[in-house]
Amino acid sequence: MSSLHEYQQNLAAGLLGSLSFQDAEALRSCGMRPCALRVHQQTIFHTLTKALRYSFPSVLKVLGDDGFAQAVASYSKHHPPQAAMLSSYGTSFPTYLRLLDTRVSTVLLFELAQFDWLVDEAANEPCGLFCKPIALSRGIALRLDLSLRCRRFDFPVDRIRDASLSELPRLLRGGGAPAAHNLAIWRKPGGAAVKSLSNSAAGFVESLCAGEGAEKAMARSVGGLNPSEMIKRVQAEVFASSFCRITATGDKTP
Amino acid sequence: MNSALHQHFASGGRSIPASTGIGLRPPHHAWVIERRPPVSWFEVHAENFMTHGVLVDELDSIALKYPLSLHCVGLSVGSVAPPEKTHLHRLRELVARCNPDLISDHLAWNAVDGMHLPDLLPLPYTEEALQVVIRNVHYAQDVLRRQILLENPSRYTNLAHSTLSEAEFLAEVALQTGCGVLLDVNNLYVSARNQDSDPNRALTHFLGTVSAQCIGEIHLAGHTIAEGDGTRELLVDDHGSRVCPDVWGLYGEAVAILGPVPTVIEWDNRIPIFSVLEEEASIADSLMTALGVGEAARVVAA
């Protein structure tokens, strides 16, 4: 191993606070002053905190500045970035939050973080790109926005994200929260859009996103509804949404 | 600069004037798009625009009106491993999209064994590090098909094993690769003070060692003074305040020797209202004008 490589490994370990005594000695012998190490540690931590604050605004709101900073400090030590692009940093943050000992339910934190991450991912996708047409019936097809994600949440994560700090305690206690609900998230001009979907509409969308055909998706979305009610919901919630385009295919085959 | 290489990596962008531009950060995007302030050119952090998010749409609008420079932090040319391929390809896409006149990164490292630490970490200026940087700069320029500028970073320590000065190291990299040099006057000042050197002598050494033809850009920024080890103070390059008088003095000396050089005001923390950045830029322009070296006339965005 080259001496440059060894120095870089030692400095990285020193910055993450995981250096053995011998390696710390080696670092000092290079001339690395403790105050220099401190400045670099602060810069790294500040940058990572800033990136995660941007990606996880709901978690930040719920944990507060100090709680969030503690969560980031612990997370970044165990999960340092694997790429230079920090917009992709934090994929495993939702799962990591489940391990934390906080006064907020870790299940809620996990869902909030998952929701934040989906919104952030969608906001970084290209705008206005749609999938290939999926045949609906004779001559008609639909196309879904390629950034579309659909997930089921047990907590009102969308309302918590939008809530003011004064509304937050009531929502965290479960006040006024709907039961489990489905959210569609996709890229729109200016950011990400979020829309609540009924179980029928969500089942239909999830099925299509999984690559299944329209017929199978319709069958999955029926649930306990009669077919005409289900079709009404899919039409109102999916076909009329900006994440969906209905197109004529010119195919007249029955 | 090696003229063949210069031609090979010639910029495809509009020409950045030898006057003062501003480091543009996302909080000011809307203001700039809406008001079109009379700024000569803007420099942006490339890594903020390597996704397909809203910021990229904003950059498209800005690139239509102003000459641009892309300033990177993620190439890690000092790492033992070559620059990350995905990162370089994203940068190449961004270059194709906004056609910047200048592309730059730092003489530093931040990646080791697949781990990326978001800071500009110090390199020992040794023969081994020199060969690594030369290889990585060659690789980056080959992938980008463009010349890059390398910036002298702020240093908080004097690494014991260095055998070259920073200026000697940069001059050799520029000679071997055809890359340019970005002289950050604030970094030079911060490094000199933190290494118990005289900033004026450090500048003289820098300008006497790095060919003036290689210096394609100058950076100016503020720093803070923090507690160092024991009774010593430590200057921290935090880009969170106005350029200090000593750094203005060094800048005046630099442009008097170099002639007109595109200059940028950087401000990344505690970002003030836009007019404060314009004030700082106008100080730099007036220094260039007073010395008779600048194209200080501002380009009013069409």
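The values are calculated or read from the model by the stated rules, or taken from the named source; none is laboratory data. Model, not experiment: these values are computed from the prediction. Positions of Cβ are backbone-derived with ideal geometry, glycine not excepted, and every protein chain shown enters the neighbour counts. All accessible areas refer to the heavy atoms of the entire protein, side chains included, with ligands and DNA or RNA removed. Shrake-Rupley method; radii C 1.70, N 1.55, O 1.52, S 1.80 Å.
Observations on the structure shown:
- Residue within region A:92-107 that is more than 14 Å from every other protein chain (Cβ to nearest Cβ), at pLDDT 95 or above and in a loop (DSSP other than H, G, I, E, B) present: yes
- Within region B:158-182, if we keep just the residues that are within 14 Å of chain A (Cβ to nearest Cβ) and open to solvent by less than 40 Å² (accessible area, probe 1.4 Å), the residue that is modelled with the highest pLDDT turns out to be B:169.
- Odd one out for residue B:132 among (1) buried (at least 24 other Cβ atoms within 10 Å of the Cβ); (2) closer than 13 Å to residue B:77 by Cα; (3) in contact (Cβ under 8 Å) with a residue 40 or more places away in the chain; (4) within 14 Å of another protein chain (Cβ to nearest Cβ): (1)
This table checks each residue for (1) in contact with a helix residue (DSSP H, G or I) (Cβ under 6 Å, 6 or more places away or on another chain); (2) farther than 21 Å from residue A:40 by Cα.
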position: B:142; (1), (2): no, yes
position: B:163; (1), (2): no, yes
position: B:173; (1), (2): yes, yes
position: B:193; (1), (2): no, no
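- If you go through region B:66-100 and pick out every residue that is more than 10 Å from chain A (Cβ to nearest Cβ) and polar (S, T, N, Q), you end up with 2.
- Positions within region A:2-43 being within 9 Å of chain B (Cβ to nearest Cβ) and farther than 17 Å from residue B:157 by Cα, in sequence order: A:2, A:3, A:5, A:9, A:16
- Any chance residue B:151 is open to solvent by less than 10 Å² (accessible area, probe 1.4 Å), more than 14 Å from chain A (Cβ to nearest Cβ) and within 28 Å of residue B:23 (Cα to Cα): yes
- Qualifying strands (runs of 3 or more DSSP E) (wholly inside region B:204-250; at least 3 residues being more than 14 Å from residue B:192 (Cα to Cα) and open to solvent by 60 Å² or more (accessible area, probe 1.4 Å)): none
- Yes/no for residue B:186 being outside any loop (DSSP other than H, G, I, E, B), surrounded by 17 or more Cβ atoms within 10 Å (Cβ to Cβ), polar (S, T, N, Q) and away from chain A (no Cβ under 14 Å): yes
- Residues in region A:119-148 that are in contact with a Pro (Cβ under 9 Å, 6 or more places away or on another chain) and in a loop (DSSP other than H, G, I, E, B): A:127, A:128, A:138, A:146, A:147.
- From the options B:139, B:125, residue that is more than 7 Å from chain A (Cβ to nearest Cβ), under 19 Å from residue B:177 (Cα atoms), surrounded by fewer than 18 Cβ atoms within 10 Å (Cβ to Cβ) and over 15 Å from the mean Cα position of the chain (by Cα): B:139
- Of the residues in region A:52-68, at least one is within 14 Å of chain B (Cβ to nearest Cβ) and surrounded by fewer than 21 Cβ atoms within 10 Å (Cβ to Cβ).
- Taking the criterion of being surrounded by 16 or more Cβ atoms within 10 Å (Cβ to Cβ), in contact with a strand residue (DSSP E or B) (Cβ under 8 Å, 6 or more places away or on another chain) and not polar (S, T, N, Q), the residues of region B:251-273 that qualify are B:251, B:254, B:255, B:258, B:261, B:262, B:264, B:265, B:266, B:267.
- The listed residues are B:34, B:47, B:58, and the only one of them that is without any contact (Cβ under 8 Å) to a residue 24 or more places away in the chain and open to solvent by 10 Å² or more (accessible area, probe 1.4 Å) turns out to be B:34.
Condition check ((1) within 30 Å of residue A:25 (Cα to Cα); (2) of a type in the set (Val, Ile, Thr)) across all residues:
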position: B:143; (1), (2): no, yes
position: B:161; (1), (2): yes, no
position: B:166; (1), (2): yes, no
position: B:180; (1), (2): no, no
position: B:184; (1), (2): no, no
position: B:194; (1), (2): yes, no
position: B:218; (1), (2): no, yes
position: B:232; (1), (2): yes, no
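- Answer from A:120, A:101 - the residue that is under 27 Å from residue A:170 (Cβ atoms) and more than 16 Å from the chain's Cα centre (by Cα): A:101
- Only one entry of B:78, B:74 meets the criterion of being in contact with a Leu (Cβ under 6 Å, 6 or more places away or on another chain) and crowded, with 24+ Cβ neighbours inside 10 Å, and that entry is B:78.
- If you filter region A:70-86 down to residues that are within 19 Å of the chain's Cα centre (by Cα) and away from every other protein chain (no Cβ under 12 Å), you find that the one that is nearest to residue A:46 (Cα to Cα) is A:72.
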